[in-house]
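Inspection log for the structure reproduced underneath, given as structure tokens.
None of the figures in this text is laboratory data; all of them are computed from the coordinates on show. In this text the structure is predicted, and so the values were computed from the model without any measurement. All Cβ positions, even for glycine, are placed from backbone atoms using ideal geometry, and neighbour counts span all protein chains on display.
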Amino acid sequence: MQLGRVTGTLVASRKEALMSGMKFLVVRQIDEDNSETGSYVVAVDAVGAGVGEVVLYASGSSARQTEVTRDRPCDAVIMAIVDSWDVGGEVRYHKGEEARSG
């Protein structure tokens, strides 16, 4: 599982039939300091995430383990919207607030 920030949407009018009805989002990976790493992935949204939100996503075979993506040709899935996280007792992210540093 990885942390990422949703930076955009992807629309594909023609796609594999098993992918019909799925929402695709562009996710930039972030590190424990809430900084973008430059790496990105297109992920199926299984939880109703939106642009700007911090999410938890899985890739590879794990991406096909949600109710939405089971048995579908999917390599990345957003499976949680992050409310907050801390590292060593220091809050690194809290939804709705800028990241704080100690």
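Just want the ordering: Met1, Met19, Met79, from fewest to most Cβ atoms lying within 10 Å of their own Cβ.
In order of increasing Cβ crowding within 10 Å: Met1, Met19, Met79.
If each residue's Cβ is checked for other Cβ atoms within 10 Å, how do Ile30, Ile81 rank with the fewest at the top?
Ile81, Ile30
Rg and Dmax of the range 2-89, Cα atoms, in Å?
Cα radius of gyration and Dmax of the range 2-89 are 13.0, 47 Å respectively.
Relative contact order for the range 1-85: what is it in percent, counting Cα pairs under 8 Å that are at least 6 residues apart?
Result for the range 1-85 is 31 percent.
By count of other Cβ within 10 Å, fewest leading, how are Arg14, Arg72 ordered?
Arg14, Arg72
How large is the dipole of the chain about the Cα centre if only Lys and Arg carry +1 and Asp and Glu carry -1, each at its Cβ, rounded to the nearest 20 debye?
520 debye
Under a GNM of the chain (C-alpha, springs under 10 Å), which listed residue has the highest mean-square fluctuation: Ala49, Ala17, Ala80?
In the Gaussian network model the winner is Ala17.
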